[in-house]
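Here the structure is laid out as structure tokens; the discussion comes afterwards.
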Amino acid sequence: MKRFLTLALLAAPVTLAAVAPVTPVAAQSAASQLAQVQQHLRAVGTMTANFSQTDRKGQTLSGDLMLKRPGKIRFQYGKGVPMLVVANGKHLTMVDYQVKQVQSWPIGNSPLSVLLNPNQDLARFAKVVGGTDSRVLLVEARDPKRPEFGRITMAFAKVPSAPAGLMLQGWTMVDSQNNRTTVKLSNQRFNVAVADTNFRYDDPRKKR
């Protein structure tokens, strides 16, 4: 089950939402809010945080996250979970140390690419969706040409002291089978020193 949870993080399409039913947002307001999200993504070169990841059955794993744009992210799970998810700028990789298995995908094949490439034009594939909490901004992204990659809904809290006035709170991914995985963040720190060595991994398939 732990392995399924981790795979869901890689491949699932996303719909994030700790914030109730989706309602339309005025076009002009939505455009300016999407521009604010784009500004936030470009303003954050690195981020560290704690995360909790919950699958469709309600099972949760937690750990530490490190992000370095463009293209790098690491989900370091807590003790007792022999898994690692890491992106090195080109590929997103899941490492299962228990069975000594490594699986990789191009970053562009994952909804997480929205978070990892700040230079993309969000207006081409993302939209603001409404919620009941005016303090939270929800943005849903999907590639209409590749629906099999799923969708991601990112949640940003409106925090004046955060980059561009937004703080990433987490996201929900929903895959083509409608499986949902939600990631919630806490203790976010922006633009701190993060070494590139954090985005490498020990290959369990190598003989020692």
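Taken together, the values in this text are just the output of simple stated rules run on the coordinates, not laboratory data. Here the structure is a predicted model, which is why all the values come from computation and not from measurement. Glycine also receives a Cβ, built like all others from the backbone with ideal geometry; neighbour counts cover every protein chain displayed.
In a fully extended conformation the segment linking residue 135 and residue 197 would gain 18.7 nm over its present Cα-Cα distance, using 0.36 nm per residue. Using a 10 angstrom cutoff on alpha carbons, build the Gaussian network for the chain and name the most mobile of 81, 174, 99. Result: 99 has the largest fluctuation of those listed. Between residue 92 and 105, 107, the built amide H atoms are under 5 Å apart, and every one of these is 5 or more places off in sequence or on another chain.
Measuring against 23 Å, Cα to Cα, the residue pairs 90/206; 57/79; 57/127 contain 57/127 as the ones spanning a longer distance. Taking the chain as the reference, fit the longest principal axis to its C-alpha atoms, fit the long axis of helix 2-11 to the helix C-alpha atoms, and give the angle between the two in degrees, 0 to 90, nearest 10. Computed tilt is about 50 degrees.
For the chain, the longest principal axis of the Cα atoms and the long axis of helix 27-43 meet at an angle of about 40 degrees.
Here the relative contact order of the chain, from alpha carbon pairs under 8 Å that lie six or more residues apart, stands at 32 percent. The mean sequence separation of alpha-carbon pairs under 8 Å and at least six residues apart, normalised by the residue count of the range 87-182, gives a relative contact order of 16 percent.
Shown for 133, 196, 55, 96: other C-beta atoms within 10 Å of each C-beta, ranked fewest to most, produce the order 196, 133, 96, 55. By the count of neighbouring beta-carbon atoms within 10 Å, fewest first, 94, 154 end up ordered 94, 154. Over the chain, with a Gaussian network built from C-alpha contacts below 10 Å, which listed residue (80, 130, 165) shows the highest mean-square fluctuation? Looking only at 80, 130, 165, the biggest GNM fluctuation is shown by 80. By other beta-carbon atoms within 10 Å, ranking 105, 171 with the fewest at the front produces 105, 171. Give me the one-decimal nm value for the distance between modelled label points at residue 52 and residue 35, 7 Å along each residue's Cα-to-Cβ direction. Taking the two extended label points, one gets 3.7 nm.
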